[in-house]
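A short worksheet on the structure shown next.
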Amino acid sequence: MSRANLQAKLPVMITAVVFLALYLGAGLHFDNFLTLRVFFNQFSTNSFLGIVAVGMTFVILTGGIDLSVGSMIGCTSIMAASLMKFHHVHPLVGLGIPLLFGILIGYTQGVLVAKFSLPPFLVTLAGLFFCRGVALFISQETLNIEDEFFKKSLSEVSFHITDKATVSVPSIIFILVVAVGMFVSLRTPFGRNVFAIGGNRQSAELMGLPVRKTLIGVYTLSGFLGALGGAVFTIFTSSGNATSATGLELDAIAAAVIGGTLLSGGYGSVFGTLLGVGILGVVQTAIAFDGNLNSWWTKIVIGALLMAFMLVQKGIERAATRKVTV
Amino acid sequence: MAGERPTCLQLTGIGKRFPGVVALAGVDFDLRQGEIHALLGENGAGKSTLIKVMTGVYTADDGTVDLNGKQYAFKTPQEAVNAGISTVYQEVNLLPNLSIAENICLGREAKGAFGIKWNDVRARAVKALARLDLKLDVKAPLSSLSIALQQMVAIARALDVSAKVLVLDEPTSSLDAHEVEQLFATMRKLREEGLGIIFVTHFLDQVYAVSDRITILRNGQKIGVWNASELPRLELVSQMIGRDAAVLESQGTASLTTETSTPFLTFEGVGRKGAIEGVQLNIGPGQVMGFAGLLGSGRSETVRLIFGADTKDSGNFLLDGRTIQRFNQRKAILSGIGLCPEDRKKEGVFPELSIRENILVVYQAKRGWLRKLSLPKQKQMAGALAKDLGVHPPDIERPIQFLSGGNQQKALLARWMAVEPRLLLLDEPTRGIDVGAKFEIMSLVSKQREEGRSFVFVSSELTEVVRTCQSVLVMRDRKAIKTLTGKEITEDSIIHAIAEDSK
Ligand SMILES: Nc1ncnc2c1ncn2[C@@H]1O[C@H](COP(=O)(O)OP(=O)(O)OP(=O)(O)O)[C@@H](O)[C@H]1O
Ligand SMILES: [Mg+2]
């Protein structure tokens with residue numbers, strides 16, 4: 001690998017090393033941590049975070065941000081729950097309508113950002129308030145879902161890997177989203193255009209790339225994945241609650257950044273984000289395993305990690321600008 | 001030979017206004033199949049604007065664009081690309097975060113069942129570069145390349161399509177002679193294949209080397225169109241600047257005086273591993289020293305050593321006759337050395353700030369931000385410099401981003417002139433600047449020299465070096481090989497020194 005290529009991959013490699021260190025460290029410290037059961041549980045508990053983090057990665061790669069995804073989860077989960085509970089629609093319809101809602105909101109945000117050149121931060125902040133408002137408007141209670149089909153074929157389904165280790169529907173969706181996200185970002189023109197816009201939007205335009213379409217696509221994708229995260233959240237908890245996933249967008253941003261995605265756009269990867277989510281998950285689980293530590297410690301550790309990763313990225317950036325002239 | 005060919009691109013009555021400026025007024029332009037058509041004019045004449053109008057970056061206020069008999073109104077560059085117009089814009093427009101291969105193929109990657117076929121993409125990029133006689137690791141990120149190579153990559157990208165029209169806006173501004181030759185060879189081949197090529201440049205030699213016809217713009221208006229063979233050089237310059245070109249010739253010739261007592265700066269065998277070796281030089285007050293040599297011969301590296309941007313690892317370094325042990329950029333600035341670097345794009349304009357602020361930013365920083373220059377003083381100072389260098393339009397309160405490329409360069413030059421250093425290092429100061437302004441810069445250097453200021457003048461254009469310098473240091477292969485002084489300085493002697501005993 002040439003020096004330049006190495007520099008591009010370094011952030012992800014560092015994240016991978018940190019992930020393994022944390023994981024093995026926790027494994028040595030706690031009994032039963034290094035089991036398949038704990039490993040696969042991680043995928044379930046972090047499924048909705050992971051799904052929205054993939055969408056967030058695309059948005060950040062273009063140099064934007066999507067603050068609306070946390071509210072989107074709350075909104076779509078209460079919407080799905082109320083559709084099933086009060087309107088007795090089939091679960092697939094009950095989960096499908098919120099998905100359309102997510103696409104619509106994402107598309108609207110994309111148009112505002114791409115066509116009207118409004119700042120993504122403000123557009124999606126408006127989306128954040130709007131979605132949370134709609135969620136509370138639908139219901140302020142927690143709605144439990146009793147639907148038979150929903151339970152039998154979605155929320156209570158699990159596939160056994162070993163006796164104790166199981167894979168749930170949310171984990172499968174999460175893994176699929178990551179796989180598709182990696183494919184799209186690395187091997188489709190849409191994905192490459194995302195990187196191009198993040199590299200330099202003006203250049204991308206002058207190179208004749210479909211900048212607006214791609215931007216609209218990215219926010220629509222993030223809206224869709226936000227709603228999919230909501231669907232997964234609903235399946236995971238078998239209920240809907242308007243205030244759930246408050247602030248989750250910030251976890252998603254943290255996961256992406258820890259995974260090596262630069263907030264200024266143009267550099268990063270979906271795989272890195274998967275590792276970022278993994279790190280957040282391991283920290284959380286380890287603190288839960290400890291039992292004595294307050295769960296706020298998760299936030300403190302994540303804060304410290306985030307700070308450390310930003311410094312590392314800055315260092316790499318400095319080294320990269322010292323030209324490797326040919 | 002391109003005489004009777006059919007027209008492929010026809011612009012009629014193009015008008016484009018920006019707030020407070022008429023950039024183009026009723027410009028007609030026609031391009032034939034299989035011709036290379038030079039589009040010339042002073043900085044700010046409207047060349048880039050015309051190109052941006054015909055490629056959908058700007059929409060015209062008036063006029064029409066016809067391509068092969070069909071009228072178009074491009075709203076985005078993408079539409080122009082799809083219609084068959086391939087463009088290299090004046091500012092190198094590529095993506096530093098992506099690989100060289102992607103920068104060449106982005107937007108037209110080969111796709112298979114498993115998405116983009118990266119192997120095909122890379123092979124195609126290698127081939128596109130090979131046409132320009134270049135061999136690069138196409139997997140490396142673009143940001144690892146020098147500006148010259150980035151420009152070559154941009155050209156390779158533009159050539160790698162089956163376009164009908166190829167537009168090149170100052171593609172050669174940072175290329176060396178060999179790279180220019182490769183580009184020209186490719187352009188000639190494409191001309192044979194029936195492509196229409198628009199070529200913008202400020203190098204008049206290059207105009208005559210490849211062009212069939214010449215269109216001249218001045219102040220947003222079309223002055224005329226000529227067959228290149230029927231427009232003598234002096235006439236061409238006169239048409240561009242709108243007055244008799246002979247006037248220019250009388251300006252800014254180097255007078256061969258001044259050999260003063262203590263040199264301001266002395267290098268005794270200074271070198272730095274891998275960059276440059278054995279530099280021997282003496283720069284006295286009121287002296288202009290030229291650095292000559294091919295691209296990559298060590299000129300810019302020597303400039304960096306003088307400015308303290310890099311540290312020497314051999315030889316002696318004297319300032320005002322005193323040996324200096326440790327030298328760095330800060331010390332350089334404090335002892336009155338200024339640098340106007342080669343890569344001015346990156347060094348940077350602050351796009352949103354006014355011309356005045358851009359000119360004064362270094363001066364103000366050196367003076368200290370607490371001792372802020374009063375606004376009238378600022379206006380007077382920046383205004384005078386802008387006028388000396390011919391920044392156009394002369395409204396210094398305008399944001400610098402609205403200036404033409406060449407005028408931005410002039411403003412950056414003014415930035416360093418404003419600091420009034422004892423020794424100013426000018427690395428390719430005339431690049432991208434029109435003929436008239438080149439003379440203005442050279443005469444400004446001569447004038448300030450008479451006031452006792454010293455300069456290092458790096459230029460690939462030997463005519464300029466001969467005109468301005470009292471001594472010339474010739475470099476080759478990262479070695480300083482010879483110093484020419486006074487009457488010894490001629491184009492021939494420099495070329496001779498560069499080529500000498502390179503067995
Ligand atoms: N976006 C813009 N906004 C306002 N004025 C502009 C803009 N772009 C160009 N201009 C003005 O239009 C005029 C023509 O500029 P243009 O860039 O076409 O010149 P040019 O012939 O390409 O010059 P150069 O040789 O320096 O590149 C200039 O006076 C410039 O200041
Ligand atoms: Mg221009």
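The values are calculated or read from the model by the stated rules, or taken from the named source; none is laboratory data. None of these values were measured; they are calculated from a predicted model. A quick note on method: Cβ atoms are made from the backbone with ideal geometry, for glycine too, and the neighbour counts reach across all protein chains shown. When the accessible area is computed, the model is the full protein with side chains, heavy atoms only, and any ligands, DNA or RNA have been set aside. Shrake-Rupley method; radii C 1.70, N 1.55, O 1.52, S 1.80 Å.
Some values worked out for this structure:
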item	result
Qualifying residue in the stretch B:475-490 (condition: part of a helix (DSSP H, G or I), in contact (Cβ under 8 Å) with a residue 24 or more places away in the chain and away from ligand 1 (no atom under 16 Å from the Cβ))	yes
Meets criteria (within 14 Å of B:His37 (Cα to Cα) and open to solvent by 10 Å² or more (accessible area, probe 1.4 Å)) for B:Arg188	yes
Verdict on A:Leu221 being within 11 Å of chain B (Cβ to nearest Cβ) and either of a type in the set (D, E, K, R) or crowded, with 18+ Cβ neighbours inside 10 Å (or both)	no
Every pair of residues 6+ apart whose Cβ atoms lie under 6 Å, when the first sits in the stretch A:140-164 and is exposed (fewer than 12 other Cβ atoms within 10 Å of the Cβ) while the second is assigned to a strand (DSSP E or B)	A:His160/A:Thr166
Answer from A:Lys85, A:Lys9 - the residue that is farther than 16 Å from A:Gly229 by Cβ, in a helix (DSSP H, G or I), in contact (Cβ under 8 Å) with a residue 60 or more places away in the chain and open to solvent by 60 Å² or more (accessible area, probe 1.4 Å)	A:Lys85
Whichever residue in the stretch B:11-36 is under 25 Å from the mean Cα position of the chain (by Cα) and within 7 Å of ligand 1 (Cβ to nearest atom) and, among such residues, is least open to solvent (accessible area, probe 1.4 Å)	B:Ala23
The stretch B:132-154, residues that are β-branched (Val, Ile, Thr), in a helix (DSSP H, G or I) and either open to solvent by less than 30 Å² (accessible area, probe 1.4 Å) or within 16 Å of ligand 1 (Cβ to nearest atom) (or both)	B:Val153
Pairs, first surrounded by fewer than 18 Cβ atoms within 10 Å (Cβ to Cβ) in the stretch B:445-465, second among the small types (Gly, Ala, Ser), C-beta under 6 Å, six or more apart	B:Gly452/B:Gly286
Close pairs (7 angstrom Cβ cut-off, 6 or more residues apart or separate chains): without any contact (Cβ under 8 Å) to a residue 40 or more places away in the chain in the stretch A:300-312, open to solvent by less than 50 Å² (accessible area, probe 1.4 Å) and in a helix (DSSP H, G or I) anywhere	A:Val301/A:Val283
Top-ranked residue of the stretch B:13-53 - restricted to ones that are away from every other protein chain (no Cβ under 14 Å) and of a type in the set (Lys, Arg), ranked as nearest to ligand 2 (Cβ to nearest atom)	B:Lys47
Hits in the stretch B:380-411 - residues which are more than 15 Å from ligand 2 (Cβ to nearest atom) and either within 14 Å of chain A (Cβ to nearest Cβ) or open to solvent by less than 10 Å² (accessible area, probe 1.4 Å) (or both)	B:Ala382, B:Ala386, B:Leu389
Residue satisfying condition, being open to solvent by less than 20 Å² (accessible area, probe 1.4 Å), at pLDDT 90 or above and under 17 Å from the mean Cα position of the chain (by Cα), within set A:Gly198, A:Gly191	A:Gly191
Failed condition for B:Ile51, given (1) of a type in the set (A, V, I, L, M); (2) at pLDDT 95 or above; (3) out of contact with any strand residue (DSSP E or B) (no Cβ under 6 Å at 6 or more places or on another chain)	(3)
Condition met for B:Thr490 (open to solvent by 10 Å² or more (accessible area, probe 1.4 Å), over 20 Å from B:Ile306 (Cβ atoms) and in contact with an Asp or Glu (Cβ under 7 Å, 6 or more places away or on another chain))	no
Members of the stretch B:360-406 that are in a helix (DSSP H, G or I), under 28 Å from B:Ser335 (Cβ atoms) and within 16 Å of ligand 1 (Cβ to nearest atom)	B:Ala386
Hits in the stretch B:191-201 - residues which are hydrophobic (A, V, I, L, M, F, W, C) and open to solvent by less than 20 Å² (accessible area, probe 1.4 Å)	B:Ile197, B:Ile198, B:Phe199, B:Val200
For A:Thr214: the one exception among (1) touching a residue at least 24 places away in the same chain (Cβ under 8 Å); (2) open to solvent by 10 Å² or more (accessible area, probe 1.4 Å); (3) within 13 Å of chain B (Cβ to nearest Cβ)	(2)
The stretch B:37-61 residues that are more than 12 Å from ligand 1 (Cβ to nearest atom), paired with ones that are assigned to a loop (DSSP other than H, G, I, E, B) and open to solvent by less than 20 Å² (accessible area, probe 1.4 Å) (beta carbon under 6 Å, 6 or more apart)	B:Ala38/B:Ser211; B:Gly56/B:Phe74
Subset tally (residues that are hydrophobic (A, V, I, L, M, F, W, C) and crowded, with 22+ Cβ neighbours inside 10 Å) for the stretch B:284-297	4
Among (1) within 14 Å of ligand 1 (Cβ to nearest atom); (2) out of contact with any strand residue (DSSP E or B) (no Cβ under 7 Å at 6 or more places or on another chain); (3) within 22 Å of B:Pro19 (Cα to Cα); (4) not aromatic (Phe, Trp, Tyr), the one test that B:Thr76 misses	(1)
All positions within the stretch B:57-116 that are more than 10 Å from chain A (Cβ to nearest Cβ), closer than 21 Å to B:Val27 by Cβ and open to solvent by less than 50 Å² (accessible area, probe 1.4 Å)	B:Ala60, B:Gly63, B:Thr64, B:Val65, B:Asp66, B:Leu67, B:Phe74, B:Ala83, B:Gln90
Contacts under 9 angstrom Cβ, first residue in the stretch B:4-16 being free of Cβ contacts under 8 Å to residues at least 24 places away in the same chain, partner of a type outside the set (Asp, Glu), 6 or more apart	B:Glu4/B:Arg32
Pairs where the first residue, in the stretch B:127-154, is more than 17 Å from B:Tyr89 (Cα to Cα) and free of Cβ contacts under 8 Å to residues at least 40 places away in the same chain and the second is in a helix (DSSP H, G or I) and open to solvent by 30 Å² or more (accessible area, probe 1.4 Å), C-beta under 6 Å, 6+ apart	B:Val138/B:Arg122; B:Val138/B:Val126
All positions within the stretch B:155-172 that are assigned to a helix (DSSP H, G or I), of a type outside the set (D, E, K, R) and either open to solvent by 10 Å² or more (accessible area, probe 1.4 Å) or within 16 Å of ligand 1 (Cβ to nearest atom) (or both)	B:Leu159
